[in-house]
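Encoded as structure tokens, the structure appears first; notes follow it.
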Amino acid sequence: MIAPELNRADERASRQPDRERHALPAADSPWVLVTAGYHDYGGQSKANAALADYLLEQGRHVHLVGHDIDRRFAQRSEVTIHEVPRPAGSDLLGWLPLDWCGRRIARRVRAEFPGARIVVNGGCALGDDINWVHCVHHAWGFADAGAPLWFRVKNRMTKWWARRRERRAVRRARLVIANSAQTRDHLIRRCGVPPESTRVVYLGSDPAWTAVGEAERAAARRDHDVPAGVPVVLFAGALSHDHNKGFDTLLNAWKSLAPDWDALLLAAGDGNGRQTWQRRVAAAGLDRRVRFLGFTRRMPHLLASADLLVSPVRYEAYGLNVQEALCRGVPALVSRRAGIVEQLERDVQEMILADPEDAADLAARLRAWRTDINGWRERIRPVSRRLRLHDWNAMARQIVSLAETSATSEVFKT
């Protein structure tokens with residue numbers, strides 16, 4: 001059920017049979033989710049789609065308020081979709097209409113079902129029920145040295161706005177769910193959230209993303225035109241003028257490994273800095289050892305072709321790309337600044353980068369991996385199995401349990 005106009009959604013709610021109003025206990029009440037997206041092509045959006053899927057499996061009615069909503073939800077009679085425009089294609093500008101629409105829908109639903117649960121993400125909307133935080137802007141600094149002036153100005157204006165909204169939103173929430181202990185610590189220390197109102201729920205995994213078999217690996221390498229015997233290193237992340245994802249550190253390490261380095265780097269991702277990075281690779285004479293793939297919706301297939309994922313991030317609240325690689329049996333070199341590091345075991349400490357700025361250390365670890373590719377694959381098997389056990393349903397179940405066993409929340413403030 002799609003409700004692009006708020007008044008139409010309100011009319012539908014008012015036409016519900018009187019016997020349903022106020023009759024449902026909290027455990028059976030509808031949920032209202034307010035965030036930018038619900039689909040399978042981004043970490044935060046994938047997590048929110050998984051929560052919605054789980055609620056629907058449990059027989060709940062779900063209101064989805066957002067910009068980008070997968071069409072599969074429109075096929076479900078238990079879903080009411082409230083599409084919200086994104087002005088000028090900007091996520092930050094979209095927060096205001098998202099907030100306004102989310103509050104109004106929440107008030108309408110709560111008027112009918114006082115036990116309804118309302119979930120927002122970070123600063124996208126202001127509510128005092130549940131805030132599920134996927135990143136902390138107060139902990140996410142700038143990494144845009146050398147970027148165009150217009151980008152640096154925009155970056156600072158955007159960050160100021162995001163931090164202001166974030167602090168207001170997380171302080172209002174009754175329950176704040178963080179995607180890692182690192183995120184929880186940042187919320188407490190940098191945003192002033194009371195420790196007793198915060199909980200940690202790690203992101204889930206897709207049960208279908210299992211360890212790669214030889215046949216699948218061979219097919220994926222053929223599809224990506226990888227020559228026989230050539231090791232594949234994968235980078236997956238935005239290629240922006242902002243260097244937060246650490247592609248600059250990886251490229252510096254790659255340069256230092258030439259000319260005897262035989263691995264192929266596949267860079268999956270897009271962004272406003274992609275052409276700049278392509279020019280730098282060409283100028284360094286690395287065209288034959290670095291390929292830019294652009295944005296892809298076939299990450300499981302791409303991971304099947306890889307021998308290693310590298311994620312030298314400067315800030316990462318969690319790191320779903322690393323988790324997905326590990327679930328597929330692909331080792332990952334990851335910065336200690338990523339929340340997922342909490343999930344890794346002692347056996348893989350060699351895969352944790354102490355400093356995302358240190359290209360020399362990254363190059364040394366790449367050389368160590370190159371001499372022991374099979375050993376690295378073997379050492380991640382235990383953590384790979386454990387991560388696969390905590391699937392999206394397990395994550396959603398934890399969130400629902402926390403929501404329904406905590407104190408009854410107040411209605412959204414106006």
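The values are calculated or read from the model by the stated rules, or taken from the named source; none is laboratory data. Bear in mind the structure is a predicted one, so any value in this text is a computation, not a measurement. Heads up, the Cβs are rebuilt from the backbone with ideal geometry, glycines too, and the neighbour counts pull from every protein chain shown.
Here is a list: Ala403, Ala354, Ala360, Ala394. Which entry is among the aliphatic types (A, V, I, L, M), loosely packed, with under 14 Cβ neighbours inside 10 Å and touching a residue at least 60 places away in the same chain (Cβ under 8 Å)? Going through Ala403, Ala354, Ala360, Ala394 in turn, the sole match is Ala360.
Which one of these is outside the structural domain of Asn321 (by TED's automatic domain parsing) and in contact with an Asp or Glu (Cβ under 7 Å, 6 or more places away or on another chain): Asp144, Asp185? Please lay out each step first, then the result.
Numbers: Asp185 fails: in contact with an Asp or Glu (Cβ under 7 Å, 6 or more places away or on another chain).
One residue alone meets the criteria, Asp144.
Consider segment 139-171 and keep the residues that are small (Gly, Ala, Ser) and assigned to a helix (DSSP H, G or I). The one that is modelled with the lowest pLDDT is Ala162.
Of all residues in segment 347-390 being in contact with a strand residue (DSSP E or B) (Cβ under 7 Å, 6 or more places away or on another chain) and assigned to a helix (DSSP H, G or I), which is nearest to Ala211 (Cα to Cα)?
Filtering segment 347-390 for residues in contact with a strand residue (DSSP E or B) (Cβ under 7 Å, 6 or more places away or on another chain) gives 351-353, 356, 361-362, 365, 369, 387-388, 390.
When the remaining residues are screened for being assigned to a helix (DSSP H, G or I), the result is 351, 361-362, 365, 369, 387-388.
Working: Met351: 19, Asp361: 28, Leu362: 25, Arg365: 23, Trp369: 19, Leu387: 12, Arg388: 10 Å.
Filtering first and then ranking leaves Arg388.
Looking only at segment 132-187, how many residues end up being in contact with a Phe, Trp or Tyr (Cβ under 6 Å, 6 or more places away or on another chain) and under 23 Å from Ala396 (Cα atoms)? Going through segment 132-187 one residue at a time, the tally reaches 3. Taken over segment 158-190, the criterion of being farther than 17 Å from Val119 by Cβ, hydrophobic (A, V, I, L, M, F, W, C) and touching a Leu at 6+ places or on another chain (Cβ under 9 Å) is satisfied by Trp161, Ala162. Taking the numbered list (1) touching a Leu at 6+ places or on another chain (Cβ under 8 Å); (2) surrounded by fewer than 17 Cβ atoms within 10 Å (Cβ to Cβ) in turn, Pro259 passes all entries but (1).
Take the residues of segment 37-55 that are of a type in the set (A, V, I, L, M, F, W, C) and in contact with a strand residue (DSSP E or B) (Cβ under 6 Å, 6 or more places away or on another chain): which is farthest from Met299 (Cα to Cα)? Steps first, please.
Of the residues in segment 37-55, the ones of a type in the set (A, V, I, L, M, F, W, C) are 47, 49-52, 55.
From the residues that got through so far, the ones that are in contact with a strand residue (DSSP E or B) (Cβ under 6 Å, 6 or more places away or on another chain) too are 49, 52, 55.
Details: Ala49: 17, Ala52: 22, Leu55: 26 Å.
So the residue we want is Leu55.
State all residues of segment 29-56 that are without any contact (Cβ under 8 Å) to a residue 24 or more places away in the chain and farther than 21 Å from Pro97 by Cα; if no residue qualifies, say none. Once the filter is applied, which keeps residues that are without any contact (Cβ under 8 Å) to a residue 24 or more places away in the chain and farther than 21 Å from Pro97 by Cα, segment 29-56 yields Gly42, Leu56.
For Gly271, the test of being on the phi > 0 side of the Ramachandran plot, surrounded by fewer than 19 Cβ atoms within 10 Å (Cβ to Cβ) and within 28 Å of the chain's Cα centre (by Cα) is passed. How many residues are farther than 22 Å from Gly42 by Cβ and part of a strand (DSSP E or B) when one looks only at segment 172-203? Within segment 172-203, residues that are farther than 22 Å from Gly42 by Cβ and part of a strand (DSSP E or B) number 3. Within segment 294-313, the set of residues being part of a loop (DSSP other than H, G, I, E, B) and under 15 Å from Arg222 (Cβ atoms) comprises Arg298, Ser305, Ala306.
Can you pull out every residue in segment 314-346 that is of a type in the set (Val, Ile, Thr) and either in a strand (DSSP E or B) or crowded, with 23+ Cβ neighbours inside 10 Å (or both)?
Of all residues in segment 314-346, those of a type in the set (Val, Ile, Thr) come to 322, 330, 334, 340-341.
Across segment 314-346, the qualifying residues are Val322, Val330, Val334, Ile340.
In segment 201-213 there is at least one residue matching the filter, namely being touching a residue at least 40 places away in the same chain (Cβ under 8 Å), buried (at least 19 other Cβ atoms within 10 Å of the Cβ) and among the polar types (S, T, N, Q). The residue pairs whose first member lies in segment 214-232 and is part of a helix (DSSP H, G or I), whose second member is surrounded by 15 or more Cβ atoms within 10 Å (Cβ to Cβ), and whose beta carbons are closer than 6 Å, counting only pairs six or more residues apart or on different chains, are Glu216/Ala304; Arg217/Ala304; Ala220/His301; Ala220/Ala304; Ala220/Ser305; Arg221/Ser305. Considering only residues that are touching a His at 6+ places or on another chain (Cβ under 7 Å) and either at pLDDT 95 or above or crowded, with 21+ Cβ neighbours inside 10 Å (or both), which ones fall in segment 79-92? If the condition is that a residue be touching a His at 6+ places or on another chain (Cβ under 7 Å) and either at pLDDT 95 or above or crowded, with 21+ Cβ neighbours inside 10 Å (or both), then Thr80, His82, Val84 are the ones that fit. Considering the conditions (1) of a type in the set (Phe, Trp, Tyr); (2) in a loop (DSSP other than H, G, I, E, B); (3) surrounded by 19 or more Cβ atoms within 10 Å (Cβ to Cβ), Trp132 is excluded by exactly one of them, (2). The residue pairs whose first member lies in segment 148-176 and is outside the structural domain of Leu239 (by TED's automatic domain parsing) and charged (D, E, K, R), whose second member is surrounded by 15 or more Cβ atoms within 10 Å (Cβ to Cβ) and part of a helix (DSSP H, G or I), and whose beta carbons are closer than 6 Å, counting only pairs six or more residues apart or on different chains, are Arg165/Gly123; Glu166/Gly122; Glu166/Gly123; Arg167/Cys191.
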